[in-house]
Amino acid sequence: MTILVLAATARELAALAPHVYSEETAPAEMELVQTPSRIFRNCGTAFFCVTGVGPINAALAAGMSLARLAERGTRPDVVLNAGLAGSYDLNTMPLRTLCLVREEIQPEYGLNDGQSVTAQAFSWPMWKRNEGNKTVFDRISMDDAGCLSESLAAAGDRFTECSSLTVAGVSASFARAEALRDKYHADLENMEGFAVAYACARAAIPCVEIRSVSNKVGPRRQDEKDFSGALKTLGRVLPSLNLA
């Protein structure tokens, strides 16, 4: 199995794979690094990349990584995208919950009438593939976990399935957070997930996205955020997938 592991920041990558990297030794942004196979169980080859924060950085880094691997004659069996995310409702998705994203949403693509954006009202889909009649507007399903399907099934309830919404601007007001949640019914808000999932969809490579809840979306009290705890929880991802 060949796996490409993506994280937005060096801190998230170090938390995800502390036996591989520290924050100081993590790759530079958009640098693709191969690690020895012995680092991961059940994995022939592993590659790591820190994408940088935000959907533009994530799309660029994911596309560049896949292109660089293709130049080497390598095609990953799966892409694992992991990091932190905010929860729209801490009652249903509490702090430090490990979430398996089954759908990514892009709320900023489509026809903007000054109050909201409607993707299907726009004349052009983001992408249309003739084979299989696959059309992407503002949502991408992530049901195919590829070679990690059995590991996810064996992990049982260690991951909570959810949908996540990707933004370029973090919601910093109650009105913004409520409007997005009411329109899209997403559980989480992040800044890279849709971009990575989209790059994988274009390349027909399974994408697995796992997020650790670090904060409430929008304004939050001190007890509605725990970034250090959420980072520590990321360290359970690879063991839960029988990779470390």
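The values are calculated or read from the model by the stated rules, or taken from the named source; none is laboratory data. Treat the numbers as computed from the prediction; the structure is a model and nothing was measured. Every residue, glycine as well, gets a Cβ built from its backbone with ideal geometry; the counts of neighbours run over all protein chains shown.
Data for the structure
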{"item": "Per-region count, the range 159-197, residues farther than 20 Å from GLY83 by Cα and either touching a helix residue (DSSP H, G or I) at 6+ places or on another chain (Cβ under 9 Å) or without any contact (Cβ under 8 Å) to a residue 60 or more places away in the chain (or both)", "result": "7"}
{"item": "Only one of THR2, THR9 that is in contact with a Ser or Thr (Cβ under 8 Å, 6 or more places away or on another chain) and either farther than 23 Å from ARG236 by Cα or β-branched (Val, Ile, Thr) (or both)", "result": "THR2"}
{"item": "Failed item, numbered, when ALA119 is tested on (1) under 14 Å from the mean Cα position of the chain (by Cα); (2) under 16 Å from ALA197 (Cβ atoms)", "result": "(1)"}
{"item": "Complete set of residues in the range 198-214 that are over 10 Å from the mean Cα position of the chain (by Cα) and in contact (Cβ under 8 Å) with a residue 24 or more places away in the chain", "result": "TYR198, ALA199, CYS200, ALA201, ARG202, ALA203, ILE205, PRO206, SER212, VAL213, SER214"}
{"item": "The range 94-118 - residue that is crowded, with 22+ Cβ neighbours inside 10 Å and of a type in the set (A, V, I, L, M, F, W, C) and, of those, nearest to GLU189 (Cα to Cα)", "result": "ILE105"}
{"item": "Residue in the range 15-32 that is part of a helix (DSSP H, G or I), in contact (Cβ under 8 Å) with a residue 24 or more places away in the chain and under 24 Å from ASN242 (Cα atoms) present", "result": "yes"}
{"item": "Single unsatisfied condition, GLY156 versus (1) part of a helix (DSSP H, G or I); (2) among the small types (Gly, Ala, Ser); (3) within 18 Å of CYS207 (Cβ to Cβ)", "result": "(3)"}
{"item": "Which listed residue is among the aliphatic types (A, V, I, L, M), touching a residue at least 40 places away in the same chain (Cβ under 8 Å), part of a helix (DSSP H, G or I) and crowded, with 24+ Cβ neighbours inside 10 Å, from ALA85, ALA58", "result": "ALA58"}
{"item": "Residues (closer than 30 Å to ARG236 by Cβ and out of contact with any Phe, Trp or Tyr (no Cβ under 8 Å at 6 or more places or on another chain)) located in the range 98-125", "result": "VAL101, ARG102, GLU103"}
{"item": "Set ARG75, ARG68: member being over 18 Å from ALA201 (Cβ atoms) and basic (Lys, Arg)", "result": "ARG68"}
{"item": "Complete set of residues in the range 74-115 that are at pLDDT below 95 and of a type in the set (S, T, N, Q)", "result": "ASN112, GLN115"}
{"item": "In the range 185-197, residue surrounded by the most Cβ atoms within 10 Å (Cβ to Cβ) [restricted to those that are part of a loop (DSSP other than H, G, I, E, B) and more than 10 Å from the chain's Cα centre (by Cα)]", "result": "ASP187"}
{"item": "All positions within the range 88-102 that are touching a residue at least 12 places away in the same chain (Cβ under 8 Å) and closer than 17 Å to VAL217 by Cβ", "result": "TYR88, ASP89, LEU90, THR92, MET93, PRO94, LEU95, ARG96, THR97, CYS99, VAL101"}
{"item": "Answer residue from the range 12-56, given it is of a type in the set (D, E, K, R) and in contact with a strand residue (DSSP E or B) (Cβ under 9 Å, 6 or more places away or on another chain) and is nearest to GLY193 (Cα to Cα) among those", "result": "GLU12"}
